[in-house]
Amino acid sequence: MHAAGPNNPLHGITLEKMLVQLEAHYGWEMLGGIIPINCFQFHPSIKSSLTFLRRMPWARAKVEALYLDSLPDMQPKPEDASPSD
């Protein structure tokens, strides 16, 4: 699995939170294309995906890796500071 501790980027992030953010960012269709597992491709839902990912460590590892790779893209972009005068 992954090392525990505050220096780990996954520290304090639940599998559900990862999945919700990935689904919001990519959508189920694209998520199922990136990680081709049935719980993302056929009748996807957070609940069914969590059930599968909790039982299959190899699939959870793929989701965690995608989450880490996608973190920079999912961060809110700072608003451009425009002069008010």
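Nothing in this text is a laboratory measurement; each read-out follows from the coordinates by a stated rule. Owing to the predicted nature of the structure, the values given are computational and were not obtained by experimental measurement.
Please state the shape class of the range 15-70: rounded when a/c is under 1.5, otherwise prolate if a/b exceeds b/c and oblate if not, all from the C-alpha gyration tensor. Note, shape of the range 15-70 comes out rounded. Each residue of the range 55-65 is assigned a 3J(HN,Hα), and the resulting list reads 8, 10, x, 5, 6, 4, 4, 5, 5, 4, 5 Hz, derived from the Karplus form 6.51 cos²θ - 1.76 cosθ + 1.60 (θ = phi - 60°), x at Gly and Pro. Mean separation of Cα pairs under 8 Å and 6 or more residues apart, divided by the residue count, gives the range 15-70 a relative contact order of 35 percent.
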